[in-house]
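Nothing in this text is a laboratory measurement; each read-out follows from the coordinates by a stated rule. All values reported here derive from a predicted model rather than from experimental measurement. Neighbour counts run over all protein chains shown; Cβ positions are idealised from the backbone, glycine included.
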Amino acid sequence: MNGRTGGRRSDQIRSVIIETDVAPYAEGSCIISTGATRVLCTASVSTNVPPWREASGAGWVTAEYAMLPRATHTRTRRERSGAKGRTQEIQRLIGRSLRSVTDMKILGLHTVTVDCDVLHADGGTRTASITGACVAVSLAFEHLVSEGLIVRNPMRERVAAISVGLVKGEARLDLDYEEDSNAQVDMNIVGTQGGGLVEVQGTAEGDPFPRDDLDAMLDLATAALETLFAAQASALRID
């Protein structure tokens, strides 16, 4: 027993549940639960693109992220005057991740905005947001196909994300809040079905860490992404 919540192994992720069509007015939606972390992802379609994008004939995918006031142990103030640094960083990461797997030419002159609202935070909110946003956006793309507005789903492959870190000198997968708060190294890995890496965010919170630990954490994350892709496929009813 390594002291992890629920007795999880170091290479074991928390339970993943993705419920789709939870927001009837959105073109695509889901709630993703990874352990106690819960994020509502809604994808909205508009029939225009940013002015700088119009001449290209290509679409755009963007994201917004927010932590609801009591998603955490104490109330978080709403960001009424615009997104602050951490929020901006996360929503840009979500947007980049989704655009990396989307054929913008097939999307045409449409913008898809995915809103990721954290209902309950227990670590891994940004990675859960990316994994859930991919499902919501895929559903929105299918909506455009069903309406005859585009010829096929422009998502080339799915994208997902997972956290990993060093806690008490041990490489651990899918950190909860307590582990994340005490980690010597905290990393977020974004990858695609085809095995590509979209983004690797890693920080030593104190002493530098050796390359061998980086390799061990990447190996844990790569294996875990397959579980997330399977959860996405189940939610999207893909065989």
Exercise. Calculate the spin-label point distance for A233 paired with T72, positioning each point 7 Å from the Cα along the beta-carbon direction, and give it in nanometres.
Key: 3.7
Quiz item: So between R156 and E79, what do we pick up on full extension, going 0.36 nm a residue minus the alpha carbon distance?
Solution: 24.3 nm
Practice problem: Considering the options S10, Q91, P50, tell which one lies farthest towards the positive end of the dipole of the chain, charges being +1 on Lys and Arg and -1 on Asp and Glu at the Cβ, about the Cα centre. | Solution: P50
Exercise. Rounded to the nearest Å, what's the spacing between the alpha carbon centres of the stretch 155-202 and the stretch 82-119? Just the number, please.
Key: 19
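Compare the peptides 4-13, 213-222 by average per-residue count of other Cβ atoms within 10 angstrom and give them in order, highest first. If you can, show how the numbers build up before the last one.
On the way: 4-13: 14.9, 213-222: 18.3.
Output ranking for 4-13, 213-222: 213-222, 4-13.
Could the peptides 118-129, 167-178 be put in order, highest first, of the mean number of other beta-carbon atoms found within 10 Å of their residues?
My ranking of the peptides, most packed first, is 118-129, 167-178.
To the nearest 0.05, what FRET efficiency results for A55 and Q193 with a Förster distance of 25 Å applied to their C-beta separation? Show your work: numbers first, answer last.
Working: r = 32 Å, r/R0 = 1.27.
For R0 = 25 Å, the calculated efficiency reads 0.20.
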Quiz item: How large is the dipole of the stretch 1-154 about the Cα centre if only Lys and Arg carry +1 and Asp and Glu carry -1, each at its Cβ, rounded to the nearest 20 debye?
Solution: 800
Exercise. Using label points projected 7 Å from each Cα along Cα→Cβ, tell me how many nm separate E226 and N48, to one decimal.
Key: 4.7
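Determine the percent antiparallel among the DSSP beta bridges restricted to the chain, to the nearest 5. Walk me through the intermediate numbers first.
On the way: 41 of 49 bridges.
Among the beta bridges of the chain, antiparallel pairing accounts for roughly 85 percent.
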Exercise. Scan [x] 24, 21, 17; [y] 27, 19, 16; [z] 31, 19, 17 for the value of semi-axes √(5λ) of the Cα gyration tensor in Å calculated from this model and give just the label.
Key: [z]
Quiz prompt | Sites T62 and D21 - FRET efficiency at Förster radius 25 Å, r taken between beta-carbons, to 0.05 | solution = 0.70
